[in-house]
Amino acid sequence: MSLVLSLTSCAIVAGVTLTQAAVTAVSATIAATEKEESQINQGFETIFADSQLLVKTLNNFDCHFQQVDENQFIVETTCGNLIYKRNSVDEAFRLYLDEINDVEGLLENIKSFEIDYGRNVQAYTYDHIKKNLSDNMTIVDDEVLEDDSLYLTINVE
């Protein structure tokens, strides 16, 4: 018997789930009124949930970041500051914006972080699957599709 797994492309995941949050965050900051101020102060949802993968992602960029603890990161870019913060390790990080001086550049930075984080999650998941296959399972085929999704065929004996 064969089992087929597909690890969806990080670009597709980022395009659907993350980029909209980034656009909303930057747009809300630009057009902040008193009514929207409370939303900005509450931060914006992300799917960044793993602090080790977030550190790996940030290390790949030419930016300075400070890890306050496993629940808070301050990222300084030339376009503005991004603060990723959560209350506990059981939650995803929220994105807070600070000292924005180049909105378009900051939006591009956010998109890049999100796409690379998605790639890191995809790589971690792939490695985790390979390491944790049962003795009666083998990967027969692993193929990278046009959209960078991974297509795994696992044989179960």
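The values are calculated or read from the model by the stated rules, or taken from the named source; none is laboratory data. None of these values were measured; they are calculated from a predicted model. Quick reminder, even Gly has a Cβ in these numbers, built from the backbone with ideal geometry, and neighbours come from all protein chains shown. When the accessible area is computed, the model is the full protein with side chains, heavy atoms only, and any ligands, DNA or RNA have been set aside. Shrake-Rupley method; radii C 1.70, N 1.55, O 1.52, S 1.80 Å.
Table for the structure above
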read-out: Selection count, the stretch 72-97, where residues are among the hydrophobic types (A, V, I, L, M, F, W, C), buried (at least 18 other Cβ atoms within 10 Å of the Cβ) and either in contact with a Lys or Arg (Cβ under 8 Å, 6 or more places away or on another chain) or more than 11 Å from Gly43 (Cα to Cα) (or both); value: 4
read-out: Residues located in the stretch 104-157, provided they are closer than 18 Å to Asp62 by Cα and among the aliphatic types (A, V, I, L, M); value: Leu106, Leu107, Ile110, Ile115
read-out: Residue in the stretch 132-145 that is crowded, with 17+ Cβ neighbours inside 10 Å and touching a strand residue (DSSP E or B) at 6+ places or on another chain (Cβ under 9 Å) present; value: no
read-out: Subset tally (residues that are farther than 26 Å from Gln52 by Cα and either among the aromatic types (Phe, Trp, Tyr) or open to solvent by 50 Å² or more (accessible area, probe 1.4 Å) (or both)) for the stretch 146-157; value: 2
read-out: Residue tally, condition over 16 Å from the mean Cα position of the chain (by Cα) and either surrounded by 14 or more Cβ atoms within 10 Å (Cβ to Cβ) or over 27 Å from Asp148 (Cα atoms) (or both), over the stretch 98-110; value: 7
read-out: Test: residue in the stretch 111-119 that is in contact with a helix residue (DSSP H, G or I) (Cβ under 9 Å, 6 or more places away or on another chain), aromatic (Phe, Trp, Tyr) and open to solvent by 40 Å² or more (accessible area, probe 1.4 Å); value: no
